Structures are given as structure tokens and as C-alpha cells.
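The values are calculated or read from the model by the stated rules, or taken from the named source; none is laboratory data. Keep in mind that this is a model prediction, so the values were computed, not measured. Heads up, the Cβs are rebuilt from the backbone with ideal geometry, glycines too, and the neighbour counts pull from every protein chain shown.
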Amino acid sequence: MTWDGQIAVYIATTDGPVRIERITNEGAALGEVFVGRDISNPLNISDAYDIFTQPNRPVHKLFGPYDHPGFRMDLSGRVNAGESWQLATLIAHGLARHRRLALPDTTFETALWVTGKIDADLNVGTVGHITEKLQASETLIREAADSDVDLHFFVPANDTVPDAHPLGARIHRVHSAIEILQRLGIPVAENAEVIPEPTTLKEENGTHNSLDKMETDRADNTRDGPSPRGRSLIFGLLAIAVLALGLTGLWFSTASDPLFSLMRFVGQGAQAEPDNTPPKGTPPSDETPLDPNTADPNGEAEPIDGEQAGAESEDTPSSQSAEQPFGAIEVTGLYAQENETCAAVQFAGATPVSRPLATTGSAGPDQTSARLLCAVRVTLKGPTTAIGSMQVISGGFVGGGSQTGSIPLDTKNARTFDVPKRLDEPITIEVEMRHDGKTLYLRHTLSD
């Protein structure tokens with residue numbers, strides 16, 4: 001088998017494999033997906049593809065810079081929903097960038113059947129329905145065998161794969177998109193921020209091929225010991241460990257020294273009361289929540305002095321005890337599962353995919369794209385005596401038009417609001433939660 005030359009890429013779906021026929025860099029700042037060369041009916045995944053190909057997303061990070069901001073992707077058939085197209089699309093973008101993606105009229109000797117979603121670190125996430133997708137690909141497998149095309153199947157490493165593969169399909173489990181890119185010889189941008197170390201592609205139910213040989217050669221080259229890079233890493237880790245042990249010993253040896261104790265006493269402002277504040281950088285938990293007004297983007301709580309957060313008195317030392325929030329407001333997005341629709345989530349009780357959109361005390365964005373969003377769930381977490389309310393400042397949810405007045409909320413039951421398929425204007429909500437004279441506040445916007 002060869003990984004050189006023109007390579008065809010197929011998106012695995014439960015209705016059968018869909019080939020990525022062409023990817024072009026377009027002048028309009030828009031990502032669109034069509035069947036063939038159509039221009040009038042973009043597929044439903046176009047909105048998600050547009051987000052996927054935005055600047056600072058994986059396509060631009062790995063293969064940019066590009067001459068134009070937008071992309072058009074042509075498929076051989078329809079892909080209407082879900083996220084399992086992402087891994088195949090990323091691989092196809094890399095091939096297209098180097099003119100190696102096989103076009104409809106191009107002869108090719110290698111084809112990739114790919115399913116999986118990816119995250120910002122290029123980790124490959126599970127998508128399910130692998131058995132159904134394999135069963136729907138029997139025709140492709142036969143055609144590839146008749147044409148002497150080397151067909152390989154790539155699935156998420158943590159997905160469930162059947163024991164008996166149709167027609168002996170060769171399946172490779174992958175943890176990261178980088179594993180495939182490196183084995184295809186697709187270079188990535190020098191300034192790409194996330195380049196995980198590759199892990200061995202695990203092949204199941206297949207015959208020996210050049211992929212196995214590449215792993216064998218790699219093992220042969222390391223039999224005499226670690227590589228120079230490996231040795232450097234080992235020595236570096238040992239040095240860090242020695243330094244850490246030395247600092248630990250220094251701490252314990254000096255902590256009992258009277259002069260050291262006096263210095264610590266003076267440095268802490270000679271407080272009369274013991275300091276129960278968790279160390280700076282302690283992850284938030286039920287016992288040590290962060291103050292929503294002082295939490296920085298790194299999740300570190302700054303001390304609060306008296307009644308004014310972040311301010312220090314000129315006459316007295318700053319207080320080290322942080323005021324704890326009494327609860328939290330959470331806004332969660334509900335999305336349709338693969339091969340399902342928002343209508344099924346909104347009206348048929350289908351189980352959605354939940355993703356956090358906003359939380360009090362977090363440094364997340366105050367705006368979310370409503371594309372593919374079926375509903376939002378607003379949850380108040382705190383004492384049962386806490387009360388809350390929500391106002392829709394602009395726009396409106398399904399069935400309610402433009403909301404007016406205050407919508408009551410409590411900590412016992414979350415409230416779910418269905419999002420229209422098309423927004424006439426952005427939906428902006430303001431949520432308040434009150435308890436014992438204190439108030440938490442969150443504002444969030446949904447936009448096209």
C-alpha cells in the first residue's frame with residue numbers, strides 16, 4: 001500500500017459512504033457544503049462547516065494561511081446532521097491544500113473511509129453507529145477490491161467496533177487527527193499550536209501492509225535505546241524531579257526555624273485570625289468556589305478586602321479570606337444527536353447532546369452561535385430558598401414570540417426554552433438569582 005499520490009476521502013454515514021469530491025478556497029467569508037456543483041441548495045451542515053473553517057479553528061491552524069477566508073466543499077451525496085464528518089473533512093482539507101485530494105475524474109489507488117469528530121486539541125471523539133456505517137459500505141468495499149484500490153477505515157479509538165467486519169475491512173483506531181496526517185505525509189503550518197505526539201494506529205482484522213511496516217521500522221530504529229529527543233526528555237524530567245525534591249526539603253527544613261516563621265508572619269500582615277483561604281490556583285470545588293466578581297480567566301481567585309473586591313486599604317493589610325458565592329447560574333445548549341433533528345428534541349422527546357454555554361464566575365464568551373442549537377436550559381444552583389428570574393431582552397423562543405415580563409426561576413427545576421431554526425434577531429437573556437440580600441447575574445446572547 002502507498003500513502004503517496006491522489007487519495008479519495010469518504011465520510012462514513014449510516015446511509016452509506018459519501019465522498020468528498022472537491023474543496024475550494026472561496027473569496028466570500030462563508031463556508032458552504034453542496035452536493036456536486038449545485039449552487040442553490042446548501043446542505044444542512046453548512047452552518048456547522050462554516051464554524052469549523054473559521055480562522056483560529058483547526059483547518060486554518062494546521063494548513064493556513066489561505067488566500068481567501070471562505071471554503072466550499074462538494075460531496076457526492078447528502079450529509080444532513082451530526083459531527084462525525086469533521087475528521088474526514090479535516091483530512092480532506094489537508095490533502096486538498098497540497099493538491100492530493102482525488103477529484104471525481106481522478107484515478108486513485110488509495111481511499112480513506114473516515115468517521116469521527118474532533119476537538120480543539122485534535123483529539124478524535126466517539127460518534128457511534130460504527131456497525132451500521134460499516135454495513136452500509138459493503139458496496140464500496142467490493143468496488144475497491146475489484147479496482148485494486150487500497151481502502152482503509154479510520155474510527156475513533158474509543159468507539160465500539162464489531163468483532164466481525166464486513167468483507168474483512170481493515171479498521172484503524174485513532175486517538176488524534178495528527179496520527180493520520182503524519183502517515184499521509186501532510187505537512188502542517190509551522191505556527192500550529194496543537195501538535196500532539198502521534199500514537200500507533202491500531203489495525204484490526206487486516207492483513208500486513210505498509211502501515212504495519214512503518215511501525216516495525218520505527219521500532220527497529222529505537223532498539224538500541226531511546227532517541228536523542230527521548231534521552232533529552234528523560235534527563236529533563238529527572239532534573240525537574242531533583243529540583244522539586246530539593247525545594248521540598250528546603251521548605252520543611254526552614255519552616256520550623258523561628259526567623260523563617262517570623263518572616264512568614266510579617267509577610268502575611270500579622271493577621272489575628274487564621275488564614276483559611278485555599279492556596280491560589282486551587283481548582284474550584286463545592287468547598288472552595290470562586291467569587292464570580294474576582295475569578296480571572298485562569299480560574300484563580302483574587303483576595304477580597306472588606307466590602308470592595310480587589311481593593312486594598314492604605315491603613316490596614318488586605319484581607320485574605322475570599323467571600324464565597326452562594327450559588328451559580330448555568331446556561332446549557334441542547335443539540336440534536338447524529339442523524340436526528342431539532343424537531344425530535346423539541347417535540348418528540350429525543351435525548352439531546354448537552355454543552356455548557358455560560359456560567360456565572362467563568363471567563364467564557366457572552367455570545368453563542370445559534371446554528372444547530374435546538375434549545376437552551378437555564379439552571380439555578382444554590383440553596384432551595386434562593387429565587388431567580390429571567391428576562392428576554394431581545395428576540396424570542398419557539399412558541400413564545402417576543403417574551404415580555406419576568407420569567408420566574410428556582411433551584412428545584414431547570415427551565416428549557418426551544419430556539420427557532422432561524423432567528424429574526426439575536427436572542428438576549430438576562431438571568432438573576434437572589435438569596436439573603438445577595439444577587440448573581442448573567443447575560444447571554446444567541447446569534448446567527
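Quick notes on this structure:
- Scanning the stretch 81-93 for residues that are buried (at least 23 other Cβ atoms within 10 Å of the Cβ) and either in a loop (DSSP other than H, G, I, E, B) or not hydrophobic (A, V, I, L, M, F, W, C) (or both) turns up Gly82, Ser84, Trp85, Gln86, Thr89, His93.
- Residue in the stretch 112-121 that is closer than 29 Å to Ile51 by Cα and hydroxyl-bearing (Ser, Thr, Tyr) present: yes
- Any hit, the stretch 148-155, residues being over 14 Å from Val18 (Cα atoms), without any contact (Cβ under 8 Å) to a residue 60 or more places away in the chain, within 17 Å of the chain's Cα centre (by Cα) and assigned to a loop (DSSP other than H, G, I, E, B): no
- Those residues of the stretch 1-49 which are among the β-branched types (Val, Ile, Thr) and not in a loop (DSSP other than H, G, I, E, B), in sequence order: Ile7, Val9, Ile11, Val18, Ile20, Ile23, Thr24, Val33, Val35
- Some residue of the stretch 336-358 being of a type in the set (D, E, K, R), in contact with a helix residue (DSSP H, G or I) (Cβ under 8 Å, 6 or more places away or on another chain) and at pLDDT below 90: no
- Considering the stretch 420-434, the residues that are buried (at least 16 other Cβ atoms within 10 Å of the Cβ) and at pLDDT 90 or above include one that is farthest from Ser369 (Cα to Cα), namely Arg434.
- Apart from one condition, Leu30 fits all of (1) out of contact with any Lys or Arg (no Cβ under 7 Å at 6 or more places or on another chain); (2) under 21 Å from Leu134 (Cα atoms); the exception is (2).
- Val149 vs. criteria at pLDDT 95 or above and surrounded by 15 or more Cβ atoms within 10 Å (Cβ to Cβ): no
- Only one of Phe108, Phe71 that is surrounded by 19 or more Cβ atoms within 10 Å (Cβ to Cβ) and among the aromatic types (Phe, Trp, Tyr): Phe71
- When the stretch 151-161 is filtered for residues that are closer than 21 Å to Thr89 by Cβ and not polar (S, T, N, Q), the ones remaining, listed by number, are Leu151, His152, Phe153, Phe154, Val155, Pro156, Ala157, Asp159.
- Selected residue (only one of Arg72, Arg78 is over 21 Å from the mean Cα position of the chain (by Cα), farther than 19 Å from Leu181 by Cα and part of a loop (DSSP other than H, G, I, E, B)): Arg78
- Unmet requirement for Lys133, which otherwise passes all of (1) of a type outside the set (A, V, I, L, M); (2) in contact with a strand residue (DSSP E or B) (Cβ under 7 Å, 6 or more places away or on another chain); (3) touching a residue at least 24 places away in the same chain (Cβ under 8 Å): (2)
- Qualifying residue in the stretch 355-369 (condition: more than 26 Å from Arg434 (Cβ to Cβ) and touching a Ser or Thr at 6+ places or on another chain (Cβ under 9 Å)): yes
- Just one of (1) surrounded by fewer than 20 Cβ atoms within 10 Å (Cβ to Cβ); (2) over 23 Å from Asp105 (Cα atoms) fails for Ile45. It is (1).
- Any pair with Cβ under 6 angstrom, 6 or more apart, that starts in the stretch 12-25 at a residue that is on the phi > 0 side of the Ramachandran plot and without any contact (Cβ under 8 Å) to a residue 40 or more places away in the chain and ends at one that is buried (at least 19 other Cβ atoms within 10 Å of the Cβ) and assigned to a strand (DSSP E or B): none
- Residues of the stretch 305-335 that turn out to be more than 30 Å from Pro420 (Cα to Cα), modelled with pLDDT of 85 or more and among the charged types (D, E, K, R), as a count: 0
- Residues of the stretch 112-128 that are small (Gly, Ala, Ser), at pLDDT below 95 and surrounded by 17 or more Cβ atoms within 10 Å (Cβ to Cβ): Gly128 alone.
- Filtering the stretch 100-142 to residues that are within 22 Å of Gly36 (Cβ to Cβ) and in a strand (DSSP E or B) leaves Leu101, Ala111, Leu112, Trp113, Val114.
- In the set (1) modelled with pLDDT of 55 or more; (2) outside any helix (DSSP H, G or I), Ile195 fails one condition alone, (1).
- Check on Asp366, farther than 25 Å from Ile45 by Cβ, within 21 Å of the chain's Cα centre (by Cα) and acidic (Asp, Glu): yes
- Hits in the stretch 100-123 (condition: under 10 Å from Gly5 (Cβ atoms) and within 19 Å of the chain's Cα centre (by Cα)): none
- Any hit, the stretch 400-422, residues being among the acidic types (Asp, Glu), in a strand (DSSP E or B), under 24 Å from Asp47 (Cβ atoms) and under 32 Å from the mean Cα position of the chain (by Cα): yes
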